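Notes follow the structure.
What follows draws every value from the coordinates through simple rules; no lab data is involved. This structure is a prediction, so every number in the text was calculated from the model and none was measured. Neighbour counts are summed over all protein chains in view; Cβ atoms, including those assigned to glycine, are modelled from backbone coordinates with ideal geometry.
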Amino acid sequence: MKNVRTRKKARISQGDIFKDVEFIEYAIEKDGVIEISKIVFPLIVVLTQDCDLNQDYTVRWARKGTSNHDKKLISVIVAPLYNAEHVYEGKHLSELNMTMAEIKKGKTPGKTLKQNQTPRYHYLEFPSNIPVVSSVIDFKHYFTVNVEYLKKHKKGNFICQIGPLYREDVSQRFSSYLSRIGLPER
């Protein structure tokens with residue numbers, strides 16, 4: 001991927017890549033004790049449309065809005081980036097005690113994944129000046145993150161931003177994956 005930006009904007013943008021983002025898996029109260037389970041993803045990419053992020057920023061932080069809050073977002077859609085080698089080995093969720101299907105790297109499944117022909121995944125390579133190994137977005141693992149948490153988190157955890165053409169490709173592939181039609185098993 002040639003079109004990567006390392007300059008940090010003030011606002012969250014589509015295609016931003018952050019490190020160490022927390023996902024609250026669950027929070028339960030039992031006998032007055034609150035238990036919170038969280039997963040810290042080493043890398044995530046922002047999938048929310050840039051126009052929505054821009055409108056949210058304008059109303060929330062740039063103070064250029066009206067008293068109407070219909071442009072504010074509650075959360076941002078993100079997806080984890082996994083080390084491509086770990087995805088091929090089926091070990092990208094091993095820290096969560098999950099074993100995934102192995103994808104044969106040199107065979108057709110591995111080649112189609114790397115060529116972004118596998119609907120569930122999007123393969124990314126980064127230039128040498130970006131400290132990220134070849135990675136895979138798994139569209140099945142998308143989640144949301146609170147806007148204000150992510151904005152505060154950006155200061156010390158922004159890695160880079162996928163350029164406009166590449167992030168539009170990711171966005172199109174993500175929306176296509178979400179809009180697939182599930183057929184009943186026979």
* To do: Let me have the 222 nm mean residue ellipticity of the chain computed from DSSP H runs of 4+ only, each contributing -39500 (n - 2.57), with the sum over all residues rounded to the nearest 500.
  => -8000 deg cm²/dmol
* Asked: Using a Förster distance of 35 Å, how high is the FRET efficiency between SER94 and ILE24, based on the Cβ-Cβ distance and rounded to 0.05?
  -> 0.95
* Just list whichever of LYS71/LYS152; LYS105/LYS151; LYS111/LYS152; LYS19/LYS111 have alpha carbons separated by over 31 Å in the model shown. => LYS105/LYS151; LYS111/LYS152
* For segment 4-178, calculate the relative contact order in percent as a whole number, restricting contacts to Cα pairs under 8 Å that are 6 or more residues apart. => 29 percent
* Loop-located GluC sites (Glu not before Pro) in segment 148-186 whose Cβ has at most 10 other Cβ within 10 Å (DSSP) -> GLU185
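Using 1/(1 + (r/R0)^6) with R0 = 35 angstrom and r between the beta carbons of GLN115 and GLU35, what's the FRET efficiency to the nearest 0.05?
That gives a FRET efficiency of 0.20.
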* **For segment 53-130, the fraction of alpha-carbon pairs in successive 5 Å shells from zero, as %** => 3, 13, 16, 14, 11, 9, 9, 11, 8, 5, 1, 0
* On a 0 to 90 degree scale, rounded to 10, what angle separates helix 50-60 from the longest Cα axis of the chain? -> 30 degrees
* Asked: If you place +1 on the Cβ of every Lys and Arg and -1 on the Cβ of every Asp and Glu, how big does the dipole about the Cα centre of the chain come out, in debye to the nearest 20?
  -> 800 debye
* To do: Considering the options ASN68, GLN49, THR108, tell which one lies farthest towards the positive end of the dipole of segment 46-108, charges being +1 on Lys and Arg and -1 on Asp and Glu at the Cβ, about the Cα centre.
  => ASN68
